[in-house]
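**Student:** My structure is below; once you've seen it, I'll send some questions.
Every read-out reported here was derived from the displayed coordinates using simple, explicitly stated rules and does not represent laboratory data. Everything numeric here is computed off the predicted structure, so don't read it as measured data. Neighbour counts run over all protein chains shown; Cβ positions are idealised from the backbone, glycine included.
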Amino acid sequence: MENLSGGGLGHLFMAIFLHNFATFMVIPAITDVTMSALCPGRDECSIAIYLTGFQQAIVGLGTLVMMPLVGNLSDKCGRKALLTVPMILTIIPLGILGYSRNRTFFYIYFVAKTLTAMICEGSVHCLALAYVADNVAEERRASTFGVLSGIGSSAFVCGTLFTRFLSTSSTFQVATSVAVVSAMYLRIFLPDSNIDKKLSAPLLSDEKPKIADSDESSRAQILQPAKTLPSLHDLISLLKTSATFSQAAIVAFFSNLADVGLHASMMYYLKARFHFNKDQFADLMVISGVAGTISQLLLMPLLAPALGEEKLLSIGLFFSCAHMFLYGVAWSFWVPYAAAMFSIFYVFATPCMRSIVSKQVGPSEQGKAQGCISGICSFANVISPIAFSPLTALFLSEKAPFNFPGFSLICVGFAAMIAFIQSVMIRAVPPVSSQRVSSHCTHMEP
């Protein structure tokens, strides 16, 4: 991919890698820390499960409100300024557990993590997508989104492997240090986006695109009242104005509903069905992460221009359905490992969906659009554990209505199938900015 580092993308990728490395490397250790603080010496702890579920629901509700706000603020204040906030806030909970992991400090961490995650959860990725959209031409945007997702996958693999060689206390201390470095790197090296608002009129306004001189543009910006929080009417208008945007929003909801349901249920299912332990879970995550990284960094830049985002989105969601169904009907311990290899294809879905969304709005609304989609995904994050976790617990217990331990994963697969069916209905259409420029030129012809 040519000009990959242009417009500060190289610095963005490095900052995102460091941030994701810090956040992902603590995932294998946080369960042991929680159990040790709440139920020392025990292998099962109901309060830990309920507390984690409560935190996930609260964070989902918070991000549902915050994501559109953060995205819209980035359109007004710049991507770099808004990226700095979640990167700095991420340091706080990591630093608390890096200092101590006893019960008192765990509860302090729990409160700090819940509050900061309302802003941090998903916002870094959302703002990074908007930054890429500012600096990459529309025909190369899908492959660049794939590279950005590949950077996240590689950070996941590196962080997971790195954790295996550290003690629990060192894990949180190193994660805190890396999070500090990522925030400093962002502030020092990343140039802010140059959003050219003269290319097209905003999607949510009725104004016509026009070429204005700098003085007129400056006076217009001064006279225009600052609007930071998009209203419900704005978000509904955003969904209604473009049929493609609405279809992508439905895809985002059901695919995220399925993904969160899978991750919330899969480990409990594999432990009960095949007696998996933490090392086997780590092996699965590494296989999936490596396959996804290779696919996003090497395959997607080649396939996206050739097939288009719409076809690649459907391919990704098809394999997402297939790997969920395969988990649900797994008949031997090696089947989950084979299903994990499907990540070569299903990782296409998210970057393609985000690229489709970015092409439906003007340059001044990239943050708002990505924030709207992230808010919809956050809503799915709230619903998914409520829907699928009790179902998993029921069919893994002796009170199951019939003997089918993977039934909840089959239900998760049906949610992914809805997303796949909706994705097939998305047709390639000219980007909104192109439509407006064409319409304007036609209007100006004598």
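**Student:** Using r as the Cβ-Cβ distance of Ser177 and Ser246, and R0 as 25 Å, what FRET efficiency do you calculate, to the nearest 0.05? Could the numbers behind the result be given before it?
**Tutor:** Details: r = 44 Å, r/R0 = 1.74.
Calculated value: 0.05.
**Student:** Using the reciprocal of the averaged 1/r over all distinct C-alpha pairs, how large is the Kirkwood radius of region 289-405 in Å?
**Tutor:** Numbers: mean 1/r = 0.0601 Å⁻¹.
About 16.6 Å for region 289-405.
**Student:** Hey, which of these cross-link pairs are over 31 Å Cα-Cα: Lys113/Lys359; Lys76/Lys113; Lys271/Lys311? All intermediate terms of the calculation are to be shown ahead of the outcome.
**Tutor:** Numbers: Lys113/Lys359 34 Å; Lys76/Lys113 27 Å; Lys271/Lys311 36 Å.
Too far apart for the 31 Å limit: Lys113/Lys359; Lys271/Lys311.
**Student:** Given labels modelled 7 Å from the Cα in the Cβ direction, how far is it in nm from Phe54 to Leu302?
**Tutor:** Once both label points are built, they end up 5.1 nm from each other.
**Student:** List Lys76, Lys399 from most exposed to least, where exposure is judged by having the fewest other Cβ atoms within 10 Å.
**Tutor:** Ascending number of Cβ neighbours within 10 Å: Lys399, Lys76.
**Student:** Hey, another quick one. Can you give me the distance in nm between label points at Ile410 and Ser169, each placed 7 Å from the Cα along the Cα-to-Cβ direction?
**Tutor:** Taking the simple label geometry, Ile410 and Ser169 are separated by 4.9 nm.
**Student:** Quick one: 3J(HN,Hα) in Hz for region 253-258, Karplus 6.51/-1.76/1.60 with θ = phi - 60°, rounded, Gly and Pro as x.
**Tutor:** 5, 6, 5, 6, 4, 5
**Student:** Right, another one. Ranking request for peptides 107-115, 255-263: highest mean number of other beta-carbon atoms within 10 Å first, then the rest in descending order.
**Tutor:** 255-263, 107-115
**Student:** Ranked highest first by average number of other Cβ atoms within 10 Å, how do 162-169, 96-103 line up?
**Tutor:** Numbers: 162-169: 14.4, 96-103: 17.2.
Answer by packing, highest mean first, reads 96-103, 162-169.
**Student:** Sticking with this one: For region 244-328, just the Cα atoms, rotate onto the principal axes and tell me the three extents in Å, largest first.
**Tutor:** Per principal axis, max minus min of the Cα coordinates gives 42, 29, 16 Å.
**Student:** Just from the alpha-carbon atoms, what are the Rg and Dmax of region 52-184 in angstroms?
**Tutor:** In Å, with Rg to one decimal and Dmax whole: 16.2, 52.
**Student:** Of the peptides 347-358, 21-32, how do they stack up when ordered by the mean number of other Cβ atoms within 10 Å, highest first? Show your work: numbers first, answer last.
**Tutor:** On the way: 347-358: 28.4, 21-32: 19.9.
So the peptides 347-358, 21-32, ranked by packing, come out 347-358, 21-32.
**Student:** Quick check for you: which residues of region 76-116 have the amide N under 20 Å from the point 7 Å beyond the Cα of Asp32 toward its beta carbon?
**Tutor:** Under cut-off, by backbone N: 94-107, 109-110.
**Student:** Continuing with this model, one more query. Compute the relative contact order of region 72-149 as a whole-number percentage, counting only Cα pairs closer than 8 Å that sit 6 or more residues apart in sequence. Don't skip to the answer; put the middle values down first.
**Tutor:** Values: 44 pairs, mean separation 25.5, N = 78.
Reported as a whole number, the value is 33 percent.
**Student:** Here is a follow-up. Could you line up His323, His125 from fewest to most neighbouring Cβ atoms inside 10 Å?
**Tutor:** Ordered from fewest to most neighbouring Cβ atoms within 10 Å, His323, His125 come out as His125, His323.
**Student:** Please compute the alpha carbon radius of gyration of region 280-346, then divide it by the globular-protein estimate 2.2 N^0.38 Å. Two decimals is fine. Write out the running numbers ahead of the final one.
**Tutor:** Values: Rg = 12.8 Å, N = 67, 2.2 N^0.38 = 10.9 Å.
For region 280-346, the normalised Cα radius of gyration comes out at 1.18.
**Student:** Between Ala137 and Val424, 0.36 nm times their residue separation minus their Cα-Cα distance comes to what? Before the final figure, lay out each step's value.
**Tutor:** Values: separation 287, 0.36 × 287 = 103.32 nm, distance 2.48 nm.
So the chain would gain 100.8 nm between Ala137 and Val424.
**Student:** Using a basic spin-label model with each label point 7 Å from the Cα along Cα→Cβ, how many nm lie between Ala393 and His275?
**Tutor:** Going by the 7 Å Cα→Cβ label model, 2.6 nm.
**Student:** Over region 349-423, what is the relative contact order in whole percent, taking alpha-carbon pairs under 8 Å and six or more residues apart?
**Tutor:** Working: 24 pairs, mean separation 12.1, N = 75.
Averaging sequence separation for qualifying contacts and normalising by length gives 16 percent for region 349-423.
**Student:** Arrange Glu310, Glu138 by Cβ neighbour counts within 10 Å, fewest through most, would you?
**Tutor:** Numbers: Glu310 23, Glu138 15.
Listing Glu310, Glu138 from fewest to most nearby Cβ atoms yields Glu138, Glu310.
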